[in-house]
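Q: Can you read through this structure? Questions will come right after.
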Amino acid sequence: MTSSFPKETWNSRIGIILAVSGSAVGLGNFLRFPGLASKHGGGAFMLAYFISFLIIGLSICWAEWAMGRAGGQKGYNSSPGILGAITGRKNLKYLGVLGVLVPVMIYMYYVYIEAWCLGYAVNFMAGNLEFQSGDEASAFFGSFVGISDNGAAFGFGIKQVGFFLVAVFILNFFLIYRGLSRGIELFCKYAMPALIILALVVLVRVMTLGTPDPGNPDLNVSNGLGYMWNPTKVLLEEQTVGGDWQKVREIVGERSLSNAVQEASTSPRMRVREISLPEQLTNFQLWLDAAGQIFFSLSIGFGVIINYASYLKRKDDVVLSGLAATSANEFCEVGLGGLMTVPAAFTFLGIAGATGSTLGLGFNALPMVFSSMPAGQLFGFLFFFLLFLAAVTSSLSMLQPGIAFLEESMEIGRHRSVAVLGFITAIGSGFVVYFSKDLKALDTIDFWVGTFLIFVLATVQIIIFGWVIGIKRGLKMANQGASFPVPKIYGFIMKFITPAFLLTIFALWTTQNVFGYNIITGQQEYSSYWKDLFIEPNGVARFSVLLIIIVASFIAFLATIANKFKFQNEGENKS
Amino acid sequence: MNLGGWIIMLISVGSVTSLFCWCIYKVLLTPEQEGDIHRFEIETPDTEHK
């Protein structure tokens, strides 16, 4: 049965803005963004980043908000229902299946990472994380998450992830069980301001670190910020036998520069070279990384915004709300994350400590940094508790689309749908946590769902908005009740530029990261994800993909048989 | 950090912070539409069936 307005609603406009921004703010804001910006040189990266924000971020965000609210007015809160109802094309509900599959599958491994954050916070508080070397930090991480062997993560001591996993799982479902406004909204109303305050406290600590090691004056906060934000990169390079110049190391700080110049003067095959901002902008990988960061950071293509917006009322301002939620995410990412983690890691560990993967920076380098700084036990706790809050607000948003879908497809209430989803995600999370060796299951699902399918879903959504609904009708939907309209130029951007930009990025990303084709050098080697499935089969990777297929089939089956999804004519349904 | 780094950092951080503050200002001070009053929804489909 459909109604003329959504059954559950948000309690306040600020509530949904905090809930959506809470969904977007996660580990990527504090760990992935600073790593990418420093890798590519702040100036060039930020230029590509802001262009991607305007073309991809705002476009898809407004499209999702508008479609979600329109679907909610037709009585649907799940992605299959919304896409079917607002387009009047019943087969589009199958594309909407992605809007349920993506958040549910991501939740299965995200809750595991959420437990790491809580575990690290508690262990910092207990004084268990005072590392003297990188090997100690790596060993603790490996033992904590059970990286050595399958099944090793199921330990329940304070230095193992098991207890924390159970705790965060219960917390998430307790909040979801309480409902939209009494659970998600209420938690985000307190968690998001608390997260920002904690980040500001840690930021002040980082900015006042000075030069911790007087014997190595180049390692200071100013150079840490320079490593992150300087528009040019300075490299020491060596000429190979073939005549090409290869990077020996990056140089940051006057003393390092002086040493490098001296080193280069001793050999004609060595040189110190400054890479300018325009030269960096010609690097294709920089654009790919900037667009990818905008994409993954804003929670677009997750199926979350479209679900959250479906609980709005007819005249709620989605243009302002969308912009506000997006700007909150950007503030946390650029204004807080960009000043905090990489400068801190550089100040204590140098360039080697400030580079590396997101998890490497977060769970190896930064614990060492906090171990080394005065009052590090307290600041380590605050930082990881901040990450934990960010993770909870994100994981809650991953559950709500599944809850809405089960309520609609099985015609059951919230309590029963929470039980069903709890059962499904417990099995999925159990699978991911059991196969913890080398984090294979987590890594595989993250790649195929958390990266690949997100691209697909976002592309589907913007094409439906611009081409199926039509840009005129779409913008009219978005502007209803808005205190200011979507700028007119976005009609053109959302119809042509965003899909073209997305499809280009997606094609290049797939070429490079799936088929392993290096566009610059022309060399090819299949990615490990492809090899795991088809060339050098890996059982865990194959089972992980099978799990994705099983869950997708289950959702598609429910979408097929559900009475509520039996749409008939365009713009109408049978109910 | 060199002068270029300072400029880029200040522009980047300043622009996102200004946008965020402006949005919060607009959200808090713009009155909601008439007839658009939210209510605190306690009732869920489960309770409805009882």
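Q: Is it true that some residue in region A:76-85 is open to solvent by less than 10 Å² (accessible area, probe 1.4 Å), under 22 Å from the mean Cα position of the chain (by Cα) and aliphatic (A, V, I, L, M)?
A: no
Q: Condition check: open to solvent by 50 Å² or more (accessible area, probe 1.4 Å), closer than 19 Å to A:ILE520 by Cα and of a type outside the set (Phe, Trp, Tyr). Does A:GLN285 satisfy that?
A: No: the conditions fail for A:GLN285.
Q: Among what's in region A:516-536 and is assigned to a loop (DSSP other than H, G, I, E, B) and open to solvent by 80 Å² or more (accessible area, probe 1.4 Å), pick the residue that is modelled with the lowest pLDDT. Before you say what the answer is, go through the steps one by one.
A: To start, the set of residues in region A:516-536 that are assigned to a loop (DSSP other than H, G, I, E, B) comprises A:516, A:518-523, A:525-527, A:536.
From the residues that got through so far, the ones that are open to solvent by 80 Å² or more (accessible area, probe 1.4 Å) too are A:520-521, A:523, A:525-526, A:536.
Details: A:ILE520: 71, A:THR521: 75, A:GLN523: 81, A:GLU525: 86, A:TYR526: 89, A:GLU536: 93.
Selected residue: A:ILE520.
Residue-wise test of (1) of a type in the set (Gly, Ala, Ser); (2) within 10 Å of another protein chain (Cβ to nearest Cβ); (3) open to solvent by less than 10 Å² (accessible area, probe 1.4 Å); (4) part of a helix (DSSP H, G or I).
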site: A:SER267; (1), (2), (3), (4): yes, no, no, no
site: A:GLY292; (1), (2), (3), (4): yes, no, yes, yes
site: A:PHE296; (1), (2), (3), (4): no, no, no, yes
site: A:ILE306; (1), (2), (3), (4): no, no, yes, yes
site: A:VAL319; (1), (2), (3), (4): no, no, yes, yes
site: A:GLU333; (1), (2), (3), (4): no, yes, yes, yes
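Q: Sticking with this one: For residues in chain B being within 30 Å of A:ALA419 (Cα to Cα) and open to solvent by less than 50 Å² (accessible area, probe 1.4 Å), which is modelled with the highest pLDDT?
A: So the residue we want is B:ASP46.
Q: Another question about this same structure. Restricting to region A:174-194, name every residue that is under 21 Å from the mean Cα position of the chain (by Cα) and more than 19 Å from A:ASN77 (Cα to Cα).
A: A:PHE187, A:CYS188, A:LYS189, A:ALA191, A:MET192, A:PRO193, A:ALA194
Q: On the basis of being open to solvent by less than 30 Å² (accessible area, probe 1.4 Å) and closer than 21 Å to A:TYR76 by Cβ, does A:SER397 make the cut?
A: Criteria met by A:SER397.
Q: Right, something else. Restricting to region A:269-290, what's the tally of residues that are more than 14 Å from every other protein chain (Cβ to nearest Cβ) and more than 14 Å from A:LEU235 (Cβ to Cβ)?
A: Total meeting the criteria: 8.
Q: Working only within region A:478-508, note down all residues that are closer than 17 Å to A:ARG69 by Cβ, open to solvent by 30 Å² or more (accessible area, probe 1.4 Å) and part of a helix (DSSP H, G or I).
A: Of everything in region A:478-508, just one residue is closer than 17 Å to A:ARG69 by Cβ, open to solvent by 30 Å² or more (accessible area, probe 1.4 Å) and part of a helix (DSSP H, G or I), namely A:ASN479.
Q: Turning to a different aspect of this structure: Does A:THR521 qualify as being of a type in the set (Ser, Thr, Tyr), free of Cβ contacts under 8 Å to residues at least 40 places away in the same chain and within 25 Å of A:GLU64 (Cα to Cα)?
A: Spelling it out, it is not the case that A:THR521 is of a type in the set (Ser, Thr, Tyr), free of Cβ contacts under 8 Å to residues at least 40 places away in the same chain and within 25 Å of A:GLU64 (Cα to Cα).
Q: A further question on this structure: I want to confirm something. Restricting to region A:222-233 and keeping residues that are open to solvent by less than 10 Å² (accessible area, probe 1.4 Å) and more than 7 Å from every other protein chain (Cβ to nearest Cβ), which single residue is nearest to B:ILE11 (Cα to Cα)?
A: Looking at the filtered set, the residue picked out is A:MET228.
Q: Let me ask another. Regarding A:ALA44, is this residue open to solvent by less than 10 Å² (accessible area, probe 1.4 Å) and out of contact with any Asp or Glu (no Cβ under 7 Å at 6 or more places or on another chain)?
A: Details: open to solvent by less than 10 Å² (accessible area, probe 1.4 Å): yes; out of contact with any Asp or Glu (no Cβ under 7 Å at 6 or more places or on another chain): yes.
The answer is yes for A:ALA44.
Q: If you check A:ALA85, A:ALA137, which single one turns out to be assigned to a helix (DSSP H, G or I), touching a strand residue (DSSP E or B) at 6+ places or on another chain (Cβ under 7 Å) and over 23 Å from A:GLY428 (Cβ atoms)?
A: The conditions single out A:ALA85.
Q: Let me ask something else. For the list (1) modelled with pLDDT under 90; (2) in contact with a helix residue (DSSP H, G or I) (Cβ under 7 Å, 6 or more places away or on another chain); (3) of a type in the set (S, T, N, Q), I need the number of the one condition that A:SER78 fails.
A: Every condition holds for A:SER78 apart from (1).
Q: From (1) farther than 30 Å from A:ASN329 by Cβ; (2) surrounded by 18 or more Cβ atoms within 10 Å (Cβ to Cβ); (3) within 14 Å of another protein chain (Cβ to nearest Cβ), pick out the condition that doesn't hold for A:LEU236.
A: Against the list (1) farther than 30 Å from A:ASN329 by Cβ; (2) surrounded by 18 or more Cβ atoms within 10 Å (Cβ to Cβ); (3) within 14 Å of another protein chain (Cβ to nearest Cβ), A:LEU236 comes up short only on (3).
Q: Can you give me the number of residues within region A:409-452 that are open to solvent by less than 10 Å² (accessible area, probe 1.4 Å) and over 23 Å from the mean Cα position of the chain (by Cα)?
A: Total satisfying the criteria: 3.
Q: Can you tell me which residue is farthest from the other protein chains (Cβ to nearest Cβ) among those in region A:158-217 that are open to solvent by less than 40 Å² (accessible area, probe 1.4 Å) and of a type in the set (Val, Ile, Thr)?
A: A:VAL161
Q: Report yes if some residue within region A:382-401 is within 14 Å of chain B (Cβ to nearest Cβ), hydroxyl-bearing (Ser, Thr, Tyr) and under 15 Å from the mean Cα position of the chain (by Cα); otherwise report no.
A: As a first pass, look at region A:382-401 and keep what is within 14 Å of chain B (Cβ to nearest Cβ): A:400.
Checking the rest, the ones that are also hydroxyl-bearing (Ser, Thr, Tyr) come to none.
There is no residue in region A:382-401 that is within 14 Å of chain B (Cβ to nearest Cβ), hydroxyl-bearing (Ser, Thr, Tyr) and under 15 Å from the mean Cα position of the chain (by Cα).
Q: Still on this structure, please answer the following. Determine the pairs where a residue that is part of a helix (DSSP H, G or I), located within region A:439-465, has a partner that is crowded, with 21+ Cβ neighbours inside 10 Å and among the acidic types (Asp, Glu) with Cβ atoms under 7 Å apart, the partner being 6 or more residues away or on another chain.
A: Cβ pairs passing all conditions: A:THR444/A:ASP532; A:GLN461/A:GLU64.
Q: Of the numbered conditions (1) hydrophobic (A, V, I, L, M, F, W, C); (2) free of Cβ contacts under 8 Å to residues at least 60 places away in the same chain; (3) assigned to a loop (DSSP other than H, G, I, E, B), A:ALA352 fails exactly one; give the number of that condition.
A: (3)
Q: State yes or no: is A:MET125 surrounded by 24 or more Cβ atoms within 10 Å (Cβ to Cβ) and in contact with a Leu (Cβ under 9 Å, 6 or more places away or on another chain)? Steps first, answer last, please.
A: Working: surrounded by 24 or more Cβ atoms within 10 Å (Cβ to Cβ): no; in contact with a Leu (Cβ under 9 Å, 6 or more places away or on another chain): yes.
When the stated conditions are applied, A:MET125 does not pass them.
Q: May I pose another question? Under 6 Å between Cβ atoms, which residue pairs at least 6 apart in sequence (or on different chains) link something in region A:7-20 that is more than 9 Å from chain B (Cβ to nearest Cβ) with a partner that is open to solvent by 20 Å² or more (accessible area, probe 1.4 Å) and modelled with pLDDT of 90 or more?
A: As it stands, the answer is A:LEU18/A:LYS189, since those pairs meet every condition given.
Q: Looking at A:ARG69, A:ARG32, which is the one that is part of a helix (DSSP H, G or I), open to solvent by less than 10 Å² (accessible area, probe 1.4 Å) and not β-branched (Val, Ile, Thr)?
A: A:ARG69 is the lone residue from the list that is part of a helix (DSSP H, G or I), open to solvent by less than 10 Å² (accessible area, probe 1.4 Å) and not β-branched (Val, Ile, Thr).
Q: Right, here's the next one. Determine whether A:GLY99 is at pLDDT 95 or above and either open to solvent by 20 Å² or more (accessible area, probe 1.4 Å) or in contact with a helix residue (DSSP H, G or I) (Cβ under 9 Å, 6 or more places away or on another chain) (or both).
A: So A:GLY99 fits the description; yes.
The values are calculated or read from the model by the stated rules, or taken from the named source; none is laboratory data. Predicted model only: the values in this text are computed from it and were never measured. We place every Cβ from the backbone using ideal geometry, glycine too, and count neighbours over all the protein chains shown. Areas reflect the complete protein model, heavy atoms only, side chains present, ligands, DNA and RNA absent. Shrake-Rupley method; radii C 1.70, N 1.55, O 1.52, S 1.80 Å.
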